[in-house]
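Undergrad: Sharing a structure here in structure tokens format.
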Amino acid sequence: MNNQIVVVCHSGYGHTSRVAEAVAAGADASIVSIDAEGNVDPTAWAQLEAAKAIIFGSPTYFANVSWQFKRFIDAASSVWMKQAWRNKLAAGFTNSAGISGDKLMTLQTMMAMAQQHGMLWVGTGMMPSNAKASMRDDVNYLASFTGLMTATPFDASVDEMHPGDLRTAQLFGARVAEVLKLHAAH
Ligand SMILES: Cc1cc2nc3c(=O)[nH]c(=O)nc-3n(C[C@H](O)[C@H](O)[C@H](O)COP(=O)(O)O)c2cc1C
């Protein structure tokens, strides 16, 4: 694990955390957790400032980021004032119960926030698995480009998450690491 890429994530019931672990494994990233009160460890701010890429993660609750994640966004106001995240790479992921579940709005909230910080947004860069022959556990079955989407039935445990979603999450992390390498080379 290196500190160039940091995944910052909230998860109410553990599902989004599991996605965060897969993303972090693919990106060789460390994870900062947003707790149930919407706080991060105070040392996390310096960690985020030192990072070259930040990957944001939140469950979708009522068609947007969780209030804890929004609290984190608002707590980053002082970062915004300094534009301390300017020109870092940014990417986002969300998990929700529905295949849609309106989770594009969650990713768009993250993307707009990243744009306000002057960050450079990285999408999935992945072809969708949306042919007749596609299977639920194929990579990018949810066919998302803006950011990583995963779907977990509301009554499924963390252990019952779709393996294809977790594989997609790992590839998404690797994609951010790949783009960071290209970015660093220029
Ligand atoms: C308050 C609340 C609101 C939710 N709203 C949505 C929603 O708008 N769309 C959806 O597909 N799932 C929705 N869900 C389901 C969660 O997104 C889903 O259970 C997800 O796996 C939770 O992730 P977590 O375990 O990381 O908290 C909602 C769940 C809760 C508790």
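The values are calculated or read from the model by the stated rules, or taken from the named source; none is laboratory data. For clarity, every value in this text was computed on a predicted model and none was experimentally measured. Here Cβ is always computed from backbone atoms with ideal geometry, including for glycine, and neighbour counts include all displayed protein chains. The area values use the complete protein model at the heavy-atom level, side chains included, leaving out ligands, DNA and RNA. Shrake-Rupley method; radii C 1.70, N 1.55, O 1.52, S 1.80 Å.
Undergrad: Go through the stretch 1-109 and tell me which helices (runs of 4 or more DSSP H), entirely inside it, have 3 or more residues that are touching a Ser or Thr at 6+ places or on another chain (Cβ under 7 Å).
TA: The helices (runs of 4 or more DSSP H) meeting that bar are 15-27.
Undergrad: Kindly establish whether V65 is at pLDDT 95 or above, within 14 Å of the ligand (Cβ to nearest atom) and among the hydrophobic types (A, V, I, L, M, F, W, C). If you could, list the steps in order and put the result at the bottom.
TA: Details: at pLDDT 95 or above: yes; within 14 Å of the ligand (Cβ to nearest atom): yes; among the hydrophobic types (A, V, I, L, M, F, W, C): yes.
Yes.
Undergrad: Suppose the filter is open to solvent by 80 Å² or more (accessible area, probe 1.4 Å), modelled with pLDDT of 95 or more and not aliphatic (A, V, I, L, M); does Q116 pass it?
TA: Considered against the rule, which asks whether it is open to solvent by 80 Å² or more (accessible area, probe 1.4 Å), modelled with pLDDT of 95 or more and not aliphatic (A, V, I, L, M), Q116 comes out as yes.
Undergrad: If you don't mind, there's one more thing I want to ask. Filter the stretch 156-170 down to the residues that are touching a helix residue (DSSP H, G or I) at 6+ places or on another chain (Cβ under 7 Å), open to solvent by 40 Å² or more (accessible area, probe 1.4 Å) and within 13 Å of the ligand (Cβ to nearest atom) and list them by number.
TA: Passing the criteria: only V158.
Undergrad: Let me ask you something else. For residues that are in contact (Cβ under 8 Å) with a residue 60 or more places away in the chain and either more than 19 Å from L104 (Cβ to Cβ) or more than 8 Å from the ligand (Cβ to nearest atom) (or both), tally how many sit in the stretch 145-155.
TA: Of the residues in that region, 2 qualify.
Undergrad: I've got another one for you. Among (1) without any contact (Cβ under 8 Å) to a residue 60 or more places away in the chain; (2) open to solvent by less than 30 Å² (accessible area, probe 1.4 Å); (3) within 17 Å of the chain's Cα centre (by Cα), there is one condition L89 misses while meeting the rest; what is its number?
TA: Every condition holds for L89 apart from (1).
Undergrad: Considering the stretch 15-25 alone, what residues qualify as being open to solvent by less than 20 Å² (accessible area, probe 1.4 Å) and either within 11 Å of the ligand (Cβ to nearest atom) or farther than 14 Å from G92 by Cα (or both)?
TA: T16, V19, A20, listed by residue number.
Table: residues versus (1) within 16 Å of the ligand (Cβ to nearest atom); (2) charged (D, E, K, R); (3) closer than 23 Å to N3 by Cα.
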site: S58; (1), (2), (3): yes, no, yes
site: I73; (1), (2), (3): no, no, yes
site: A76; (1), (2), (3): no, no, yes
site: R86; (1), (2), (3): no, yes, yes
site: F93; (1), (2), (3): yes, no, yes
site: G123; (1), (2), (3): no, no, yes
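Undergrad: Tell me, yes or no, whether the stretch 58-72 has at least one residue that is farther than 15 Å from H10 by Cα, of a type in the set (A, V, I, L, M, F, W, C) and in contact with a strand residue (DSSP E or B) (Cβ under 8 Å, 6 or more places away or on another chain).
TA: Checked the stretch 58-72: no residue is farther than 15 Å from H10 by Cα, of a type in the set (A, V, I, L, M, F, W, C) and in contact with a strand residue (DSSP E or B) (Cβ under 8 Å, 6 or more places away or on another chain).
Undergrad: Could you say whether any residue in the stretch 38-49 is near the ligand (Cβ under 10 Å from one of its atoms), surrounded by fewer than 17 Cβ atoms within 10 Å (Cβ to Cβ) and either at pLDDT below 95 or farther than 13 Å from M110 by Cα (or both)?
TA: Looking for residues that are near the ligand (Cβ under 10 Å from one of its atoms), surrounded by fewer than 17 Cβ atoms within 10 Å (Cβ to Cβ) and either at pLDDT below 95 or farther than 13 Å from M110 by Cα (or both), one finds none in the stretch 38-49, hence no.
Undergrad: Let me ask you something else. Check D155, D159 and return the single one that is assigned to a loop (DSSP other than H, G, I, E, B), among the acidic types (D, E) and out of contact with any strand residue (DSSP E or B) (no Cβ under 8 Å at 6 or more places or on another chain).
TA: D155
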